[in-house]
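Presented below is the structure to which this report refers.
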Ligand SMILES: [Zn+2]
């Protein structure tokens, strides 16, 4: 892996269906955002161009590395099941507390909201997120490979 300020190059080999090892090489855009608690943090942009969502971890799925949302879409939840309920509860909080809520994720505190309120709600949001991830990995076990973090 090579990294400069604005992109990370992923360079690896994949073996699909027991065939030859195929070299894979592409860059993943990075973005530095001010951190919630001061300083700044780097995020990936999902290499799936239709998504390009900001994310903290990329997961190996098939021959690519994708954000958890892309992986999630590959295993859609059924309306009303546990995954769906967790996602819905998370969405409700997210839409309320994030300035830049995009329907799936948010990163900046809503303007005018008190930090204390935000932090309480954000903790709950993270709990739902963790529960969602736990359930999701349980379902996708064996299909998702390791994650890459910055
Ligand atoms: Zn994605």
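Among the residues of region 77-95, none qualifies, meaning not one is more than 15 Å from the chain's Cα centre (by Cα), modelled with pLDDT of 90 or more, in a loop (DSSP other than H, G, I, E, B) and under 30 Å from residue 114 (Cα atoms). With respect to residue 88, determine if the residue is touching a strand residue (DSSP E or B) at 6+ places or on another chain (Cβ under 6 Å) and away from the ligand (no atom under 16 Å from the Cβ). No: the conditions fail for residue 88. Screening region 60-76 for residues that are in contact with a helix residue (DSSP H, G or I) (Cβ under 9 Å, 6 or more places away or on another chain) and modelled with pLDDT of 85 or more and picking the one that is farthest from the ligand (Cβ to nearest atom) gives 64. The set of residues from region 34-57 being exposed (fewer than 13 other Cβ atoms within 10 Å of the Cβ) and within 15 Å of the chain's Cα centre (by Cα) comprises 49, 50.
Does residue 33 fit the bill of being modelled with pLDDT under 90 and part of a helix (DSSP H, G or I)? Answer is no for this residue.
Can you confirm whether region 110-120 contains a residue that is without any contact (Cβ under 8 Å) to a residue 24 or more places away in the chain, under 24 Å from residue 77 (Cβ atoms) and touching a strand residue (DSSP E or B) at 6+ places or on another chain (Cβ under 7 Å)? For region 110-120, residues without any contact (Cβ under 8 Å) to a residue 24 or more places away in the chain, under 24 Å from residue 77 (Cβ atoms) and touching a strand residue (DSSP E or B) at 6+ places or on another chain (Cβ under 7 Å): absent. If you go through region 102-120 and keep only what is closer than 19 Å to residue 70 by Cβ and crowded, with 16+ Cβ neighbours inside 10 Å, you end up with 105, 106, 107. The set of residues from region 98-109 being in contact with a helix residue (DSSP H, G or I) (Cβ under 6 Å, 6 or more places away or on another chain) and free of Cβ contacts under 8 Å to residues at least 40 places away in the same chain comprises 101, 106. The numbered conditions (1) within 16 Å of the ligand (Cβ to nearest atom); (2) touching a residue at least 40 places away in the same chain (Cβ under 8 Å); (3) touching a strand residue (DSSP E or B) at 6+ places or on another chain (Cβ under 7 Å) are all true for residue 42 except (1).
The values are calculated or read from the model by the stated rules, or taken from the named source; none is laboratory data. Worth saying up front: this structure is predicted, and the values here are computed from it rather than measured. Cβ atoms come from the backbone with ideal geometry, glycine included; neighbour counts cover every protein chain shown.
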